[in-house]
Amino acid sequence: MLDDTDRIMQVMEQAFDPAYGEAWNRRQLSASLILPTTWYYLVGADGNAPSGSQEAAGFALTRAAPGEEELLLVGVLPQFRGQGLGRKLLTLFEHGAKLRQAERIFLEMRANNPARKLYEAFGFQPIGRRKDYYRASNGERIDAITYGKSL
Ligand SMILES: CC(C)(COP(=O)(O)OP(=O)(O)OC[C@H]1O[C@@H](n2cnc3c(N)ncnc32)[C@H](O)[C@@H]1OP(=O)(O)O)[C@@H](O)C(=O)NCCC(=O)NCCS
């Protein structure tokens, strides 16, 4: 049996480019998951929620606040990208946020992340920019872009 923390960590360890230090460690993840405001979604390679000993191909982690919900992390294993799993995770996030009466969902992304195409196709619009917010391991500074979508 795998538990969901194991499943998320398996994806976490492979999905994020180490140059940007975006992946969380298990301790950070566990500390977030015990909060009542944290929600997560998992998909297996077939797009359904994994069960039993099935591993995840992707996950999304979100944080709810009154009237809004933020995407903290989304990741899909490299070998399963481009098959719609990222979009599926955003759809699950949007549905969950609607169930919790959110009026707006948002996320923050480094300006050079190719995931922006996915976010924009999903209806997110850029609503703000923080200059030089991220620092890559080579010292490069990268802006953060905040994206929002009204529900
Ligand atoms: C972002 C991510 C979750 C998308 O997952 P996915 O399963 O490939 O997403 P989908 O298949 O639903 O959609 C992919 C679309 O987004 C774009 N896209 C997303 N990530 C991309 C990437 N790394 N390279 C190129 N295009 C990408 C493509 O344009 C593609 O659209 P298309 O199918 O019309 O060509 C995945 O690329 C990932 O895990 N990236 C690394 C982690 C990360 O940066 N997460 C976001 C910040 S927290």
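Scanning the stretch 107-125 for residues that are in contact with a Phe, Trp or Tyr (Cβ under 6 Å, 6 or more places away or on another chain) and either free of Cβ contacts under 8 Å to residues at least 60 places away in the same chain or more than 20 Å from G58 (Cα to Cα) (or both) yields L107, Y119, F124. Just one of (1) on the phi < 0 side of the Ramachandran plot; (2) within 11 Å of the ligand (Cβ to nearest atom); (3) in a loop (DSSP other than H, G, I, E, B) fails for G47. It is (1).
The number of residues in the stretch 69-87 being outside any loop (DSSP other than H, G, I, E, B) and either in contact with a His (Cβ under 6 Å, 6 or more places away or on another chain) or surrounded by fewer than 18 Cβ atoms within 10 Å (Cβ to Cβ) (or both) comes to 4. Residues of the stretch 88-127 that are open to solvent by less than 30 Å² (accessible area, probe 1.4 Å), not in a helix (DSSP H, G or I) and not basic (K, R): A102, I105, L107, M109, A111, F122, F124. Filtering G47, G86, G21 for residues that are over 20 Å from F122 (Cα atoms) and out of contact with any Cys (no Cβ under 7 Å at 6 or more places or on another chain) leaves a single hit, G21.
The values are calculated or read from the model by the stated rules, or taken from the named source; none is laboratory data. Model, not experiment: these values are computed from the prediction. Cβ sites come from the backbone with ideal geometry, for glycine too, and all protein chains shown count toward neighbours. Ligands, DNA and RNA are excluded from the accessible area calculation, which covers all protein heavy atoms including side chains. Shrake-Rupley method; radii C 1.70, N 1.55, O 1.52, S 1.80 Å.
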